[in-house]
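Where a number appears in this text, it was derived from the coordinates with a stated rule and is not lab data. The structure presented is a predicted model; accordingly, all values stated were derived computationally and were not measured. All Cβ positions, even for glycine, are placed from backbone atoms using ideal geometry, and neighbour counts span all protein chains on display.
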């Protein structure tokens, strides 16, 4: 009997041509791998019909919910919103562009009992040459600066135990978010397993991860992250515990006001 409960997060920015196909693929797979599941769509200030499609899909499928960012806040901010909304024991995220075989979630779940994080890596990346060169250079830089040896650090096919985010914080709003999460995980000696996954060419829309603006922003965030990691304490409270403390503090303040 399947006992795993799973929250699936799809950040989406201008993905009107891909989102419906991606959600339908997930809906067909998830009942086979999880006893309870949800899909959280995060529309990150899209300028096309992505936001409308999120609402349509939520009406069509009871297990689909959505979050709207009125303005584009960045990939990291979208992922954080989804993680904060997740309610199940395991948290998975992928992109909304249909470049992964969602049936391969089962490959990650197979290692879920033994590891805190299961990270997919693209064995044969279906990207242009300049994106491959950028990815290689970035991986080498992250390894040099932060000491993180993950082979495909930005692969958008990752599974986390909920407890991971009781320790890990997310401050990056852009493309640095994967590096931020995994560098903290290594700092806290969390167990990480890498699993090969299939990668498909993008059929529709335009990727933004390799634009000069995104790359420059990622470099700036890398330096900030290096500095922050020097000051991370062993008793750091992650996203979930910080949120609970904030709610408790607000409740106490409200009680004082009412009293």
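For residue 232 and residue 21, a Förster radius of 35 Å and the Cβ-Cβ distance give a FRET efficiency of 0.35, rounded to the nearest 0.05. Ordered by the count of other Cβ atoms within 10 Å of each Cβ, fewest first, 154, 97 give 154, 97.
Return the Rg/Rh ratio of region 1-107 with Cα-based radii and a Kirkwood Rh. We get a ratio of 0.94 for region 1-107.
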